[in-house]
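Below is one structure; the comments refer to it alone.
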Amino acid sequence: MLREIGAASLDELLAPIPPELRLGRPLELPGPLSEPELLEAMGELAARNRVVAGKDSFLGAGAYRHHVPAVVDHLLQRGEFFTAYTPYQPEISQGTLQAIFEFQTLVCQLTGMDVANASMYEGGTAFVEGILLAVRQHRGKRRRVVVAGEVHPWYRDVLETYAANLDLVIVDVAADPETGRVDPEAVGAAVDAETAVVAWQSPNFVGVVERTDALAAAARGAGAFALQAIAEPWALGWLEAPGKLGVDIVVGELQALGPAVSFGGPYVGMLATRKGMVRAMPGRLAGMTEDVEGRRGFVLALATREQHIRRERATSNICTNSALMALAVTIHLALLGPSGITEGARVSRAHAHEALRRLAALPGVRRVHSGPFFNEFVLEFPRPAAEVASALAERGILGPVPLSRFRAGEERRGLFAFTELNGPAAIERLVAGLGDVL
Amino acid sequence: MPRLAVPEPPDDLEPELRRSEPPPLPELSETEVLRHFARLSHRNYSIDDGLLPLGSCTMKYNPRVNEQLARLPGFAAIHPLQPEETVQGALALMRDLERFLVEISGMDAFTLVPAAGAHGELTGMLMIRRALLHRGDDRRVVLIPDSAHGTNPASAAFCGFTPEPIASDERGQVDLAALEARVPRGDVAAIMLTNPNTLGIFESDIARICELLHAHGGFVYADGANMNALLGISRPGDHGVDVLHLNLHKTFSTPHGGGGPGSGPVGVRGELVDFLPVPRVVEGEDGLLHLSTDFPRSIGRVAAFYGNFGVMVRAAAYILEMGPEGLRRAGEDAILAANYVRKGLEDVLELSYETPTLHEVVFSGRRLEKETGCRTLDLAKRLIDHGFHPPTIYFPLIVPGALMIEPTETESREELDAFVAAIRAVVEEAHRDPETVKGAPWTAPVRRLDEVKANRQLVLRWEPSAD
């Protein structure tokens with residue numbers, strides 16, 4: 001090859017790099033490892049993590065263990081999907097493009113919204129992008145953001161980071177400490193003519209279902225957009241579609257419907273909204289069209305919103321998103337259908353309520369909030385929740401998530417989550433385990 | 001779905017908040033779903049099908065063993081909020097990967113949190129902004145070469161900066177004289193550079209550029225999209241850059257997944273280390289690894305959790321498989337492959353710049369269009385009929401009708417020969433039978449798609465009435 005090129009040596013090809021800028025020594029790295037050695041080395045690292053069966057994990061707080069049918073990962077492992085690039089050449093990317101179109105459709109069907117994008121990175125950044133969408137839709141004239149109630153503290157943190165240089169005023173309206181719900185009237189009082197958006201999460205960070213209809217009305221009454229975040233999308237098998245309750249923007253995390261918990265990622269963010277806001281949306285959109293012979297086909301639509309065309313005036317800087325994880329969600333939702341998601345929500349919720357009934361009967365244990373919940377709730381213990389979690393982990397049970405991982409002042413509180421996997425026998429073990437360690 | 005074996009809970013929710021009817025999702029059998037998506041997959045071109053020469057995208061082979069590793073229950077089934085003492089292996093992997101990236105890049109420290117390259121850019125620029133404000137300096141101008149990826153100006157704007165283009169010179173490099181005239185005005189916060197740049201050309205003045213920015217209180221942001229060319233050969237940290245993002249889904253072989261997920265770790269040097277996002281992996285006095293948020297100058301969180309861990313597993317595995325010699329060889333072979341393709345095509349396509357190139361090469365379709373009426377787009381589409389994914393087209397913007405080719409090191413000489421032959425055949429066809437080229441593709445699942453219609457009559461979801 002060098003001969004064809006007309007170069008005497010590889011070094012000649014490196015000539016553009018000035019000698020003083022070359023490393024001039026081998027990198028100090030381990031390896032190379034053969035495949036068996038690699039499997040052993042990585043296997044040792046993996047073995048230093050405690051894995052418990054899904055039924056004995058009661059961790060949630062933004063990442064949930066649900067059963068995902070085998071066929072989902074089987075399809076994800078098709079090289080035609082996972083080794084493809086972003087569909088910039090639509091004629092040979094119809095598989096990816098149609099899958100994105102179907103993802104957009106299913107997200108709309110689940111949320112009751114008009115239009116969804118091809119995915120965001122994950123829940124935290126989707127939350128911020130949704131808020132920025134609302135600000136943009138107001139053409140930047142309203143710069144106040146009202147964050148209502150118990151939004152996931154780490155979503156709230158990401159908003160803080162992003163907003164640092166964007167000239168936004170963020171106002172928090174605290175939840176009622178008794179119910180865990182935010183009072184729509186208090187929110188209404190915080191919304192003014194400068195407010196671009198009211199953002200809440202439901203079910204919220206402490207598991208409580210918010211008054212979505214009243215919150216949306218409070219936002220709209222002052223001309224602000226209503227944004228609902230969702231971290232546990234299975235809740236939409238039980239809760240009314242946000243689109244039917246006056247919500248303008250739905251954002252959130254879809255991990256629970258596809259991707260493994262995988263220590264925090266890769267996950268997949270969702271962003272859906274109403275038709276009138278489509279041109280201000282961030283991220284990719286697949287649109288249906290036809291080819292020169294009139295056959296149905298799909299392309300990336302409204303690309304002029306995006307960074308590769310609009311550069312610094314783009315609606316977002318996002319380029320690579322979470323396409324493969326969106327595909328997992330698409331396949332899973334197609335398998336679940338209307339009855340699957342409804343039944344999964346019903347079973348998850350029932351497990352949570354049964355567990356609460358049993359756990360709250362333990363001496364010194366009480367549920368902190370009185371508001372209605374889906375599959376998560378906060379318990380208070382006579383001792384620090386982090387100690388409880390570590391002691392239960394020793395017994396092969398994961399949970400609760402201590403609130404001390406998120407904020408100070410609630411050391412004895414922990415968040416439990418339940419899915420269809422946590423059946424009566426697992427609840428029995430949890431009750432016994434918690435009884436032992438308290 | 002497991003059958004309900006506990007009592008049905010009471011209806012304690014306001015009825016108007018409960019679903020009135022199930023979501024109108026499709027109702028399909030598993031067989032139907034499997035076949036539907038299997039059939040969709042047949043309508044994709046991927047790395048598994050053949051060379052995928054998209055410039056600055058580094059579409060290299062995705063090692064299968066890494067897929068297996070990322071799915072080990074010890075990685076895939078661990079929850080991000082398990083007690084830290086139960087995830088010491090995961091934290092060790094993150095610490096090891098940070099160390100590997102520090103050594104490969106010459107930076108002082110890394111964050112692994114950003115989920116993609118553009119997310120890394122945003123993170124890096126937020127750190128620069130915070131560091132400047134910490135000095136009491138509110139300067140806002142960010143210089144971005146006209147050859148840069150569109151994410152650069154978009155990311156800078158998201159951080160409150162004002163992007164300002166800086167021209168390329170006749171070598172295809174940043175115009176140093178223009179920079180020397182501009183930077184001393186004192187309002188330049190940073191320059192965002194890709195090196196080698198999107199023309200495949202090494203910015204040979206990089207050390208001087210870093211000195212210039214530093215002398216006038218600015219920072220140098222390096223976009224590491226093209227790091228593949230420098231693996232084991234040269235380190236941006238040694239050039240003097242202050243911030244560098246890497247794309248694990250490019251240089252470190254993790255799959256693109258049809259558009260993601262990626263991972264965009266960001267390395268920093270010097271004073272910027274204090275501003276890295278949280279959480280960071282630290283070793284505690286108890287001998288355990290922890291995720292710490294105790295960094296008062298940090299820009300904060302840029303994602304809810306800790307980044308795309310599953311992607312990190314694959315990248316760490318890749319680095320271990322390759323070892324130091326293997327990584328250097330990857331960089332060298334990527335440069336060899338690109339120069340081989342350049343040589344194979346430079347007599348039939350117009351080179352954008354005569355300057356020697358590293359891992360990618362950009363041709364211009366201008367001459368071909370003048371001679372045959374076939375545009376770059378036509379050439380790209382016809383290449384599909386010849387069995388290949390087209391290169392990146394119409395980027396970088398400074399090259400008329402650009403064709404940006406990055407073959408990567410994982411292609412055999414035979415595959416490169418076949419690719420070169422295919423382009424040569426299309427060029428020949430353009431002269432002999434331009435209508436065939438202009439009508440292409442003829443053999444793909446669909447022919448050219450009507451993008452105007454797609455944008456005018458927006459159909460962004462299936463609806464019962466539209467069926």
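The values are calculated or read from the model by the stated rules, or taken from the named source; none is laboratory data. What you are looking at is a predicted structure, and each value in this text was computed from that prediction instead of being measured. With ideal geometry, Cβ positions are generated from the backbone for all residues, glycine too; neighbour counts draw on all protein chains shown.
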Scan of the stretch A:224-239 for residues that are within 12 Å of chain B (Cβ to nearest Cβ) and outside any helix (DSSP H, G or I), ordered by number: A:Gln228, A:Ala229, A:Ala231, A:Trp238, A:Leu239
Residue that is farthest from the other protein chains (Cβ to nearest Cβ) [pool: residues in the stretch B:371-407 that are under 18 Å from B:Lys60 (Cβ atoms) and in contact with a Phe, Trp or Tyr (Cβ under 8 Å, 6 or more places away or on another chain)]: B:Ile405
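If you scan the stretch A:240-260, which residues turn out to be surrounded by fewer than 24 Cβ atoms within 10 Å (Cβ to Cβ) and within 10 Å of another protein chain (Cβ to nearest Cβ)?
Taking the stretch A:240-260 first, the residues surrounded by fewer than 24 Cβ atoms within 10 Å (Cβ to Cβ) are A:240-241, A:243-246.
Across the stretch A:240-260, the qualifying residues are A:Glu240, A:Ala241, A:Lys244, A:Leu245.
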Qualifying residue in the stretch A:136-157 (condition: facing chain B (nearest Cβ under 8 Å), under 17 Å from the mean Cα position of the chain (by Cα) and among the aliphatic types (A, V, I, L, M)): no
Answer residue from the stretch B:242-256, given it is outside any strand (DSSP E or B) and among the β-branched types (Val, Ile, Thr) and is farthest from B:Leu276 (Cα to Cα) among those: B:Thr254
Residue that is nearest to A:Met325 (Cα to Cα), among those in the stretch B:320-332 that are of a type in the set (D, E, K, R) and within 9 Å of chain A (Cβ to nearest Cβ): B:Glu321
Given (1) charged (D, E, K, R); (2) part of a loop (DSSP other than H, G, I, E, B); (3) at the interface with chain B (Cβ under 8 Å from one of its Cβ atoms), index of the condition A:Arg25 fails: (3)
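Does the stretch B:424-447 contain any residue that is under 22 Å from B:Asn44 (Cβ atoms) and in contact with a Cys (Cβ under 9 Å, 6 or more places away or on another chain)? Spell out how you get there, then give the answer.
In the first step, residues of the stretch B:424-447 are kept if they are under 22 Å from B:Asn44 (Cβ atoms); the result is B:426, B:440-447.
Still in the running and in contact with a Cys (Cβ under 9 Å, 6 or more places away or on another chain): B:426.
Yes, the conditions are met somewhere in the stretch B:424-447.
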Residue within the stretch A:79-96 that is surrounded by fewer than 20 Cβ atoms within 10 Å (Cβ to Cβ) and either free of Cβ contacts under 8 Å to residues at least 24 places away in the same chain or under 18 Å from A:Pro259 (Cβ atoms) (or both) present: yes
The stretch B:219-235: number of residues that are within 13 Å of another protein chain (Cβ to nearest Cβ) and either assigned to a loop (DSSP other than H, G, I, E, B) or over 17 Å from the mean Cα position of the chain (by Cα) (or both): 7
Test result for B:Ala454, surrounded by fewer than 18 Cβ atoms within 10 Å (Cβ to Cβ) and either at pLDDT 95 or above or under 30 Å from the mean Cα position of the chain (by Cα) (or both): no
Test: residue in the stretch B:297-319 that is more than 11 Å from every other protein chain (Cβ to nearest Cβ) and either over 15 Å from B:Ala70 (Cβ atoms) or at pLDDT below 95 (or both): yes
Helices (runs of 4 or more DSSP H) enclosed by the stretch B:303-404 - at least 1 residues per element that are within 30 Å of A:Glu160 (Cα to Cα): B:309-345
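Regarding A:Glu232, is this residue under 20 Å from A:Leu133 (Cβ atoms), of a type in the set (Asp, Glu) and within 16 Å of the chain's Cα centre (by Cα)? Let's see the steps before the verdict.
On the way: under 20 Å from A:Leu133 (Cβ atoms): no; of a type in the set (Asp, Glu): yes; within 16 Å of the chain's Cα centre (by Cα): yes.
Judged against the criteria, A:Glu232 is not a match.
Okay, residues lined up against (1) outside any loop (DSSP other than H, G, I, E, B); (2) touching a helix residue (DSSP H, G or I) at 6+ places or on another chain (Cβ under 9 Å); (3) closer than 30 Å to B:Ala334 by Cβ; (4) more than 7 Å from chain A (Cβ to nearest Cβ):
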position: B:Asp48; (1), (2), (3), (4): no, yes, yes, no
position: B:Tyr61; (1), (2), (3), (4): no, no, yes, yes
position: B:Leu69; (1), (2), (3), (4): yes, yes, yes, no
position: B:Ile78; (1), (2), (3), (4): no, yes, no, no
Those residues of the stretch A:177-232 which are crowded, with 20+ Cβ neighbours inside 10 Å and of a type in the set (S, T, N, Q), in sequence order: A:Thr195, A:Gln201, A:Ser202, A:Asn204, A:Thr212, A:Gln228
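Picking from B:Leu351, B:Leu336, B:Leu327, which residue would you name as being among the hydrophobic types (A, V, I, L, M, F, W, C) and surrounded by fewer than 20 Cβ atoms within 10 Å (Cβ to Cβ)?
On the way: B:Leu336 fails: surrounded by fewer than 20 Cβ atoms within 10 Å (Cβ to Cβ); B:Leu327 fails: surrounded by fewer than 20 Cβ atoms within 10 Å (Cβ to Cβ).
Answer to the check: B:Leu351.
Does at least one position in the stretch A:406-417 carry a residue that is without any contact (Cβ under 8 Å) to a residue 60 or more places away in the chain, crowded, with 19+ Cβ neighbours inside 10 Å and among the aromatic types (Phe, Trp, Tyr)? Step through it out loud before you land on a result.
Keep residues of the stretch A:406-417 that are without any contact (Cβ under 8 Å) to a residue 60 or more places away in the chain, which gives A:408-414.
Next, from what is left, pick out any that are crowded, with 19+ Cβ neighbours inside 10 Å: A:412-414.
Still in the list and also among the aromatic types (Phe, Trp, Tyr): none.
Checking the stretch A:406-417: not a single residue is without any contact (Cβ under 8 Å) to a residue 60 or more places away in the chain, crowded, with 19+ Cβ neighbours inside 10 Å and among the aromatic types (Phe, Trp, Tyr).
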Neighbours by Cβ (under 7 Å, 6+ apart or cross-chain): first from the stretch B:12-39, within 19 Å of A:Pro69 (Cβ to Cβ); second of a type outside the set (Ser, Thr, Tyr) and outside any helix (DSSP H, G or I): B:Pro23/A:Ala241
Test: residue in the stretch A:290-302 that is buried (at least 24 other Cβ atoms within 10 Å of the Cβ) and charged (D, E, K, R): no
Answer residue from the stretch B:134-164, given it is more than 9 Å from chain A (Cβ to nearest Cβ) and surrounded by fewer than 16 Cβ atoms within 10 Å (Cβ to Cβ) and is nearest to A:Thr320 (Cα to Cα) among those: B:Asp146
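Is it the case that the stretch B:6-26 has a residue that's outside the structural domain of B:Gly260 (by TED's automatic domain parsing), among the polar types (S, T, N, Q) and more than 30 Å from B:Pro445 (Cβ to Cβ)?
Filtering the stretch B:6-26 for residues outside the structural domain of B:Gly260 (by TED's automatic domain parsing) gives B:6-26.
With the extra rule that they be among the polar types (S, T, N, Q), the set shrinks to B:20.
Next, only the ones that are more than 30 Å from B:Pro445 (Cβ to Cβ) stay: B:20.
Looking for residues that are outside the structural domain of B:Gly260 (by TED's automatic domain parsing), among the polar types (S, T, N, Q) and more than 30 Å from B:Pro445 (Cβ to Cβ), one finds at least one in the stretch B:6-26, hence yes.
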Count of the stretch B:15-29 residues which are at the interface with chain A (Cβ under 7 Å from one of its Cβ atoms) and part of a loop (DSSP other than H, G, I, E, B): 9
Residue in the stretch A:44-83 that is nearest to the chain's Cα centre (by Cα), counting only those that are more than 7 Å from every other protein chain (Cβ to nearest Cβ), more than 23 Å from A:Phe406 (Cβ to Cβ) and small (Gly, Ala, Ser): A:Gly54
